[in-house]
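Asks: Before we start, here is the structure in question, set down as structure tokens.
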Amino acid sequence: MKLDVNVLRYLSKEDFRVLTAVEMGMRNHQIVPAELIDRIAGLKHGGTYKVLKNLLKHKLVHHDSSKYDGFRLTYLGYDFLAIKALVNRGVFVSVGRQIGVGKESDIFEVATEDGTVLAMKLHRLGRVSFRAVKSKRDYLLHRSSYNWLYLSRLAALKEFAFMEALKAHGFPVPAAVDCNRHCVIMSLVQGYPLVQVKQLQNPETVFETIIGLVVRLAEKGLIHCDFNEFNIMIEDDEKVTLIDFPQMVSVSHRNAQMYFDRDVECIFKFFRKRFNLSFHVDQDESGESEFDESGRPRFFAIVKSTDSLDKELAASGFTTKDQDVIEEFIEGGIEQDSENSGDEEIVAEGCLPAEIDDTVVYNLNSLHLHGCAVRHDVNDEMQEKQYSNEVSHSN
Ligand code: ADP
Ligand code: MG
């Protein structure tokens, strides 16, 4: 996806005001009626409509007149809102090249005023098709929070909270700098994903460090759940950094052992294939070792004495309810992957599947999006108040 931040420079205060109004309207509308946008933005003399044209030209909103005249944010529009908020807070001053494209994110370099380069991760939950999910209507209807804006924001909040907590406990993860909407700013890792590393001076040491990390995470009550050669960064001195946390779960999750074993297996398989490592561990006499004879850590021996990070994470603003929502979404995605491998369809700009009944989406979203407490700028809060007033007037 192209992120032409030059456009940012040409956008006026009014442009952002109207873009924010569209975002607010999306809390309870899939497509926000133009007149509601106009009411929220409160520009004089039909100014909103002129601005909407400009936003449309820059692909920051999408126009839909199939049911009524309305607009929704595009990913780009949402990106701009987050970037603008972070630039206003002085977190960075410019956006550079794209350094990563994940299934559910885009990563860019950004630079601070003093020239420090950081990484910006824009979450894109809901970018991949929900074909399988769509066929399970039941699932969708009960998952009231199905909305890419909300999910991407939740993923960013979770990633930020976990990164901070993991860092505080001495895990080698990027430093969490800031978070706004679906965007996380973190320190840049000066290395490459393990998948791109063809040679290591000390593959055994790197392997042991990595397996040690899975074990230490489980001792802290956590499982990464996507622990593989794409989410482990290696620097020139073979230092290991762990990235990508939105899918992490607690060791008390019902499928915890399966996730743990799968993480371990990915690493074993990769090191066997790429670095030709073979594994064996001598058992101690008690037979209660944390590792089995093949060298794989035993889940139950490790989680016996967990020192859980849950409390800290709850204090960070990422609640158990948020965790449930995101887990349900991600597990749905996992099911979908196995059913539809090779048959993915990208939903343009993350819109909701067309077949979903509008009224259902409307009702469910209005219930749940209002209820979710995700970080806001003070500015957002003020506008939110204004928005609630607007809504109560219009009712
Ligand atoms: P996804 O959830 O989409 O897999 P990741 O967090 O794994 O996103 O990031 C995708 C890619 O972006 C990584 O494989 C890595 O190459 C790059 N990347 C992510 N975070 C950083 C970072 N902090 N520093 C350097 N590169 C990064
Ligand atoms: Mg990744």
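Asks: Taking Arg216, is it under 21 Å from Phe318 (Cα atoms) and open to solvent by 80 Å² or more (accessible area, probe 1.4 Å)?
Replies: Here the answer is no, as Arg216 does not meet what is asked.
Asks: Scan the stretch 229-241 for residues that are within 10 Å of ligand 1 (Cβ to nearest atom) and under 18 Å from Lys269 (Cα atoms) and jot them down.
Replies: Scanning the stretch 229-241 gives Glu229, Phe230, Asn231, Ile232, Met233.
Asks: Identify all residues within the stretch 27-67 that are open to solvent by 50 Å² or more (accessible area, probe 1.4 Å), free of Cβ contacts under 8 Å to residues at least 40 places away in the same chain and outside any loop (DSSP other than H, G, I, E, B); write none if there are none.
Replies: Listed by number, the residues that qualify are Glu35, Tyr49, Lys50, Lys53, Leu56, Lys57, His63.
Asks: For the stretch 90-148: of the residues being crowded, with 17+ Cβ neighbours inside 10 Å, in a loop (DSSP other than H, G, I, E, B) and within 16 Å of ligand 2 (Cβ to nearest atom), which is modelled with the lowest pLDDT?
Replies: Arg127
Asks: Among the residues of the stretch 151-198, what is the count of those that are hydroxyl-bearing (Ser, Thr, Tyr) and open to solvent by 10 Å² or more (accessible area, probe 1.4 Å)? Please lay out each step first, then the result.
Replies: Just the residues of the stretch 151-198 that are hydroxyl-bearing (Ser, Thr, Tyr), to begin with: 152, 187, 192.
This time we only want the ones that are open to solvent by 10 Å² or more (accessible area, probe 1.4 Å), so: 187, 192.
The number of residues fulfilling the criteria is 2.
Asks: Here's something else I'd like to know. Suppose we keep only residues that are part of a strand (DSSP E or B), in contact (Cβ under 8 Å) with a residue 40 or more places away in the chain and surrounded by 18 or more Cβ atoms within 10 Å (Cβ to Cβ) within the stretch 228-239. Which one would you say is nearest to ligand 2 (Cβ to nearest atom)? Let's see the steps before the verdict.
Replies: Filtering the stretch 228-239 down to residues part of a strand (DSSP E or B) leaves 232-235.
Still in the list and also in contact (Cβ under 8 Å) with a residue 40 or more places away in the chain: 233-235.
Filter once more, so that each one left must be surrounded by 18 or more Cβ atoms within 10 Å (Cβ to Cβ): 233-234.
Numbers: Met233: 10, Ile234: 14 Å.
If we take residues in the stretch 228-239 being part of a strand (DSSP E or B), in contact (Cβ under 8 Å) with a residue 40 or more places away in the chain and surrounded by 18 or more Cβ atoms within 10 Å (Cβ to Cβ), then Met233 is nearest to ligand 2 (Cβ to nearest atom).
Asks: Give just the number: which of (1) hydrophobic (A, V, I, L, M, F, W, C); (2) within 26 Å of Ile326 (Cα to Cα); (3) within 16 Å of ligand 2 (Cβ to nearest atom) does Leu194 not satisfy?
Replies: The failed condition is (2).
Asks: Among the numbered conditions (1) in a helix (DSSP H, G or I); (2) surrounded by 18 or more Cβ atoms within 10 Å (Cβ to Cβ), tell me where Lys269 comes up short.
Replies: (2)
Asks: Please determine, by comparing only the residues of the stretch 1-26 that are part of a helix (DSSP H, G or I) and of a type in the set (Ser, Thr, Tyr), which one is nearest to Val110 (Cα to Cα). Lay out the reasoning, then the answer.
Replies: Initial filter on the stretch 1-26 (part of a helix (DSSP H, G or I)): 6-10, 13-25.
Filter again for of a type in the set (Ser, Thr, Tyr), leaving 10, 20.
On the way: Tyr10: 19, Thr20: 23 Å.
Looking at residues that are part of a helix (DSSP H, G or I) and of a type in the set (Ser, Thr, Tyr), I get Tyr10.
Asks: While we're looking at this one, here's another question. Has the stretch 101-114 got at least one residue that is away from ligand 1 (no atom under 15 Å from the Cβ) and of a type in the set (A, V, I, L, M, F, W, C)?
Replies: Of the stretch 101-114, the ones away from ligand 1 (no atom under 15 Å from the Cβ) are 113-114.
Of the ones still in play, those that are also of a type in the set (A, V, I, L, M, F, W, C) are none.
Checked the stretch 101-114: no residue is away from ligand 1 (no atom under 15 Å from the Cβ) and of a type in the set (A, V, I, L, M, F, W, C).
Asks: Report, by residue number, each residue of the stretch 1-26 that is within 25 Å of Tyr150 (Cβ to Cβ) and open to solvent by 30 Å² or more (accessible area, probe 1.4 Å).
Replies: Hits for the stretch 1-26 are Met1, Lys2, Val5, Leu8, Arg17.
Asks: In the stretch 191-227, which residue that is assigned to a helix (DSSP H, G or I) and free of Cβ contacts under 8 Å to residues at least 24 places away in the same chain is nearest to the chain's Cα centre (by Cα)?
Replies: Only one residue fits best here, namely Gln196.
Asks: Which of (1) more than 16 Å from ligand 1 (Cβ to nearest atom); (2) among the charged types (D, E, K, R); (3) closer than 27 Å to Ala168 by Cβ is the odd one out, the single condition Lys269 does not satisfy?
Replies: Only one criterion is unmet by Lys269, namely (3).
Asks: Restricting attention to the stretch 244-266, and to residues there that are within 15 Å of ligand 2 (Cβ to nearest atom) and open to solvent by less than 40 Å² (accessible area, probe 1.4 Å), which single residue is farthest from Leu125 (Cα to Cα)?
Replies: Asp263
The values are calculated or read from the model by the stated rules, or taken from the named source; none is laboratory data. These numbers come from a predicted model, not from an experiment. Note that we place each Cβ from the backbone using ideal geometry, even for glycine, and neighbour counts take in every protein chain shown. All accessible areas refer to the heavy atoms of the entire protein, side chains included, with ligands and DNA or RNA removed. Shrake-Rupley method; radii C 1.70, N 1.55, O 1.52, S 1.80 Å.
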